[in-house]
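J.: Would you mind keeping the following structure in view while I ask a few things?
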Amino acid sequence: MNETFDLAGKVIAVTGASGALAGTAARYLAKQGARVAFISRTKSKLETAIEGLDSEATAFPCDVTDRAALENALQAILEKYNRLDGLVNGAGGNMPGATITPDKTIFDLDLNDYDQVLRLNLHGTLLPSLIFGQHFSKQGHGSIVNFSSASSTQALTRVLGYSNAKAAVDNLTRWMATDFAKKYGDTIRVNAVCPGFFVGDQNRALLLKEDGTLTERGQQIIDQTPMGRFGEAEEVCGAIHFLLSNAARFVTGQVLHIDGGFGIYSGV
Ligand SMILES: NC(=O)c1ccc[n+]([C@@H]2O[C@H](COP(=O)([O-])OP(=O)(O)OC[C@H]3O[C@@H](n4cnc5c(N)ncnc54)[C@H](O)[C@@H]3O)[C@@H](O)[C@H]2O)c1
């Protein structure tokens with residue numbers, strides 16, 4: 001491999017590593033020769049995620065909204081590998097009460113669910129970035145890759161809380177990138193990937209009917225996507241690889257869209 005893109009031997013923590021996109025990225029990074037710390041809440045799911053990998057991968061069960069648990073996870077990673085080079089903040093998700101379905105109005109918003117969605121997607125990105133980022137600042141290098149969403153820049157119906165949280169993740173990406181660069185020069189970078197629409201367990205029923213044809217919403221999304229299809233989980237891996245690698249050494253604060261053009265198309 002071109003050494004600009006080489007991740008071999010790097011130690012990279014991936015949160016949400018039992019998930020569809022983040023899990024695929026974690027396994028991909030391990031296959032590239034990185035030593036990957038798979039972080040998520042449930043040990044058994046993490047063990048399934050690393051199953052069959054012949055590269056170095058270890059499960060570190062941890063809730064990304066729990067400061068003490070994150071500090072313990074960092075300590076355990078450093079005890080095992082003695083270094084940490086990258087953090088991918090993949091943990092994220094939604095709650096029913098933070099979603100405004102067509103039969104509801106914004107006045108039906110459940111503020112508890114809304115808070116939980118902000119907590120998972122925003123605090124769950126901020127906290128690991130602070131705790132692992134502090135290690136980067138002491139060590140003198142590190143790269144953080146956050147997960148945004150197509151809902152962060154445009155009003156996407158239904159997903160109110162999630163959109164608000166991901167918009168904040170975009171801003172956090174730019175804010176932390178700026179602050180790290182001003183205080184630590186070019187040694188610590190913060191970027192984000194912004195996936196468009198990928199069919200997974202959490203959104204399959206919204207996008208596809210039981211017979212595999214598109215739902216009305218699925219059709220609307222495909223019509224808004226110049227490439228005319230949903231993404232495949234593997235298609236997020238290359239962007240994460242680039243952002244973690246030395247190839248992106250002058251790239252910081254960017255939100256890289258992987259969406260078949262969904263975000264740049266006017267629809268006309
Ligand atoms: N899948 C998509 O189509 C899509 C599209 C745009 C953005 N995203 C975002 O990309 C990221 C990765 O998505 P995914 O498809 O892998 O998600 P997923 O729903 O498949 O998995 C989410 C992961 O986060 C973990 N998690 C949830 N709460 C946690 C917590 N408190 N502490 C630790 N781990 C926790 C889950 O256990 C799981 O491993 C998420 O931030 C998601 O919001 C996904």
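Quick note: the coordinates plus some simple rules give every number you see, no bench work behind them. Computed from a prediction, not measured in an experiment: that's the story for all the values here. For neighbour counting, all protein chains shown are included, and Cβ atoms are generated from backbone atoms with ideal geometry for every residue, glycine included.
J.: Is the C-alpha gyration tensor of the chain telling us rounded, prolate or oblate? Criteria: a/c under 1.5 is rounded; beyond that, a/b larger than b/c is prolate, otherwise oblate. Show your work: numbers first, answer last.
T.: Numbers: a/c = 1.56, a/b = 1.51, b/c = 1.04.
Prolate is the answer for the chain, as a/c is 1.5 or above and a/b outweighs b/c.
J.: Mind ranking 151-159, 165-173, 80-88, 260-268 by how tightly packed they are, going by the mean number of other C-beta atoms within 10 angstrom, highest first? Spell out each step's value before the answer.
T.: Details: 151-159: 16.1, 165-173: 21.3, 80-88: 19.7, 260-268: 12.7.
Ranked by mean Cβ neighbours within 10 Å, highest first: 165-173, 80-88, 151-159, 260-268.
J.: Helix 160-184 versus the longest principal axis of the chain: what angle, 0 to 90°, nearest 10, using Cα atoms?
T.: Taking Cα atoms only, the helix is inclined about 30 degrees.
J.: Starting from the amide H of H257, placed 1.01 Å from N in the peptide plane, find each other amide H under 5 Å away whose residue is 5 or more places distant or on another chain.
T.: C194
J.: Specify whether the C-alpha gyration tensor of region 76-215 places it in the rounded, prolate or oblate class, a ≥ b ≥ c being the square roots of the eigenvalues: rounded for a/c under 1.5, otherwise prolate if a/b is larger than b/c and oblate if not.
T.: Prolate, since a/c reaches 1.5 and a/b exceeds b/c.
J.: Roughly how many debye, to the nearest 20, is the charge dipole of the chain about its Cα centre, given +1 on each Lys and Arg Cβ, -1 on each Asp and Glu Cβ, and no other charges?
T.: So the dipole magnitude of the chain works out to roughly 660 debye.
J.: In degrees between 0 and 90, to the nearest 10, how far off the longest principal axis of the chain does helix 124-139 point, with axes built from Cα atoms?
T.: The angle comes out at about 20 degrees.
J.: Can you give the FRET efficiency to the nearest 0.05 for S55 and D223, using r as the Cβ-Cβ distance and R₀ = 41 Å?
T.: That gives a FRET efficiency of 0.55.
J.: Something else now. What residues qualify as long-range amide H neighbours of G231, i.e. H under 5 Å apart, gap of 5 or more or another chain, H built at 1.01 Å from N?
T.: F197, F198, V199
J.: Checking the table K138/K183; K45/K166; K104/K166 against a 19 Å threshold on Cα-Cα, which pairs fail? Write out the running numbers ahead of the final one.
T.: Working: K138/K183 12 Å; K45/K166 25 Å; K104/K166 22 Å.
In this structure, K45/K166; K104/K166 exceed 19 Å between Cα atoms.
J.: Which FRET efficiency value, to the nearest 0.05, do you get for V199 and L130 by plugging their Cβ-Cβ distance into 1/(1 + (r/R0)^6) with R0 = 22 Å?
T.: It comes out at approximately 0.10.
J.: Something else: What are the ³J(HN,Hα) values, in whole Hz, obtained from phi via the Karplus relation 6.51 cos²θ - 1.76 cosθ + 1.60 with θ = phi - 60°, for each residue of region 46-57 in sequence order, with x given for Gly and Pro?
T.: 5, 5, 5, 5, 8, 4, x, 7, 9, 8, 6, 8
J.: Taking Cα atoms, how many degrees apart are the long axis of helix 20-31 and the longest axis of the chain, rounded to 10 and kept between 0 and 90?
T.: Relative to the chain, helix 20-31 is tipped by roughly 30 degrees.
J.: Which of the GluC sites (Glu not before Pro) across region 186-268 are loop residues per DSSP, with 12 or fewer other Cβ within 10 Å?
T.: Those satisfying the criteria are E210, E232.
J.: Amide H to amide H under 5 Å from L87: which residues, 5+ apart in sequence or cross-chain, H placed 1.01 Å off N in plane?
T.: A13, S143, I144, V145
J.: Between T213 and W175, with labels modelled 7 Å along Cα→Cβ, what's the label distance in nm to one decimal, could you check?
T.: It works out to 4.7 nm between the two label points.
J.: Can I ask one more? Gain in length, R249 to L78, computed as 0.36 nm per residue apart minus the alpha-carbon separation, to one decimal in nm?
T.: Separation in residues times 0.36 nm, less the Cα-Cα distance, equals 59.2 nm.
J.: Shifting gears a bit: In percent, how large is the relative contact order of the chain, given Cα pairs closer than 8 Å and 6 or more residues apart?
T.: Numbers: 534 pairs, mean separation 48.7, N = 268.
Once divided by the residue count of the chain, the mean separation gives 18 percent.
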